[in-house]
Amino acid sequence: MALLGAQLVITLIMVSVIQKLGSHFSVAKWILCSTGLIRYLYPTDQELRSLVGFFKEKHKKGKHSENGKVSDTFQIPRNLDITLESAPVTALDVIHLKYYSDFQWLLDFSIYGAIVYASTEVYNNWYPIKDEINLSMLWCCLVIGFAFKVLIILWIQYFKGEESTGERSTCIVTGFVFLLTAMIILIIDENTLELGLDNAYASFNHSASIFLKNQGLSSSGPASKLIVKLVLAVTCGFIGSLFTFPGLRVSKMHWDTLKYYRDNKLLLLFANLSYVSPLILASLWLTPVSRNYLTVRIFSRMTKPIMTPNAFESMRIIAIIVAVTLKLVLMPIYLQSYLNLAKQRLETQKKEAGRISNKEFQKKIAAVFYYLCVVALQYIAPLIICLYCTFMLKTLGGYSWEALYKDIDSGECLAPEALPEPKIFSDDEEKTVAQTAQEFHLALSSIKQIFTTEVFRGVFGLATWWSCFTLFATTAMGMLYQSYFAKI
């Protein structure tokens, strides 16, 4: 029995592609530098001096520093009539931006992971994977891990420094709000919100009890249902806190997109559809709203429901992929709306009275482009988490890409007696590679005995639905802020 077959070949080919192609072509660099993004340049000190009427003769009579040079800092009126120059974003501009390497690695690696996953799914369609390890799931785990790592790094920045007290408080408050929300959701009946957690817990507890008894340990289960749901609620609250500022940022960019592209009706249609897509996706797990209408109810002049249960499961998975793809396609539009924030800051400043230093003004304009990669990470990281949780739900949950004419695997655990007995070797007998592989296969079978299909459906079903729900909740909170509280 081969532990690794064509999957290992796919993985090795992709690793070779990353090594050879990664240094020459980058999708992340292409999005930033080849999609027509325009950045705005801040005026130089000389341009500001000329605008306020400061000539060299006046500066020579002004305040001098200790070494006899003219001070670099001076005051300008806030309502000074300034026009910002624009320039296309180039590779030399973005390479020095903060978190550029993280953005490039995350987006490029997620695309490579998607190619590996798609190739494995095509291979699995022709030659079903039964006794092999699905290496595409390892790629998915790595992508999700990198995405969470980036979000945690950005999240930690709000807890550093004395100037981030507002952001820090927002993260803490929203974390507890999402924790409370998750607790409420986890006690909702499965007939209303079909996350599959009850079946997952029952399957895991039963399989783990059998496994422990088979090892000579007496146990009724590894953990109580209350503890499991409490851990899940805390995890959901933390994820909600991580998604807070990305959601607020996306809302701000969407608000600006509606303003800057108000004449492009088709673009506004896709932008609004993309914005509400997380709400539509989250509603697909509400049984009275979605499943009952599509798989149970028989409408007039019809002899059967619109969809079969298997087709409905496939539709949910495909809908998430389409929604994430649409958001990625619209990403350059949203990034340009963010870059236009420099002009928006200037227009807001012109309405204010008083004076501002040249350094502070230049910093205000330059900071917009300086944080471009941070904004790009906040845009794509939640989408990548949602997408790859969907991939793992489909594969580990035993679902199909198309409507099946037979029931999907029920996910029942394999009885310990059905597993082959391990071969015992003497101390003097040397184990061959095949014998070691057999022992590894037995250990893998024991793990599969505990983590059944039902368990994966519950865990990744919750992860997928919660990602969609928090995306909608945070963006809705940001839109509420933009509509009623922000200064427009």
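The values are calculated or read from the model by the stated rules, or taken from the named source; none is laboratory data. A quick note: this is a predicted structure, and the numbers were derived from the prediction, not measured. Heads up, the Cβs are rebuilt from the backbone with ideal geometry, glycines too, and the neighbour counts pull from every protein chain shown. Areas reflect the complete protein model, heavy atoms only, side chains present, ligands, DNA and RNA absent. Shrake-Rupley method; radii C 1.70, N 1.55, O 1.52, S 1.80 Å.
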*Could you tell me which residue of the stretch 11-34 is modelled with the lowest pLDDT, considering only residues that are surrounded by 13 or more Cβ atoms within 10 Å (Cβ to Cβ) and part of a loop (DSSP other than H, G, I, E, B)?*
G22
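How many of the residues in the stretch 278-296 are modelled with pLDDT of 85 or more and open to solvent by 70 Å² or more (accessible area, probe 1.4 Å)? Walk me through it before giving the result.
Restricting attention to the stretch 278-296, the residues satisfying the condition of being modelled with pLDDT of 85 or more are 278-295.
With the extra rule that they be open to solvent by 70 Å² or more (accessible area, probe 1.4 Å), the set shrinks to 279-280, 289, 293.
The total comes to 4.
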*Cβ-Cβ below 6 Å, separation at least six or inter-chain, first residue in the stretch 70-94 and without any contact (Cβ under 8 Å) to a residue 24 or more places away in the chain, second outside any loop (DSSP other than H, G, I, E, B): which pairs?*
V70/H59
*So G397 clears everything in (1) surrounded by 21 or more Cβ atoms within 10 Å (Cβ to Cβ); (2) modelled with pLDDT of 90 or more except one condition, right? Which one?*
(2)
*Residues within the stretch 328-373 that are modelled with pLDDT of 90 or more and β-branched (V, I, T), tallied*: 4
*asked:* Return the residues of the stretch 153-171 that are open to solvent by 80 Å² or more (accessible area, probe 1.4 Å) and either at positive phi or assigned to a helix (DSSP H, G or I) (or both); say none if nothing qualifies.
replied: E162, E163
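How about the stretch 198-209: which of its residues are among the aliphatic types (A, V, I, L, M), open to solvent by less than 20 Å² (accessible area, probe 1.4 Å) and out of contact with any Pro (no Cβ under 6 Å at 6 or more places or on another chain)?
Answer for the stretch 198-209, where residues must be among the aliphatic types (A, V, I, L, M), open to solvent by less than 20 Å² (accessible area, probe 1.4 Å) and out of contact with any Pro (no Cβ under 6 Å at 6 or more places or on another chain): just A200.
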*So how many residues does the stretch 100-135 have that are farther than 13 Å from A147 by Cα and touching a Cys at 6+ places or on another chain (Cβ under 7 Å)?*
2
*Among S274, S300, which is open to solvent by less than 90 Å² (accessible area, probe 1.4 Å) and either over 30 Å from L151 (Cβ atoms) or assigned to a helix (DSSP H, G or I) (or both)?*
S274
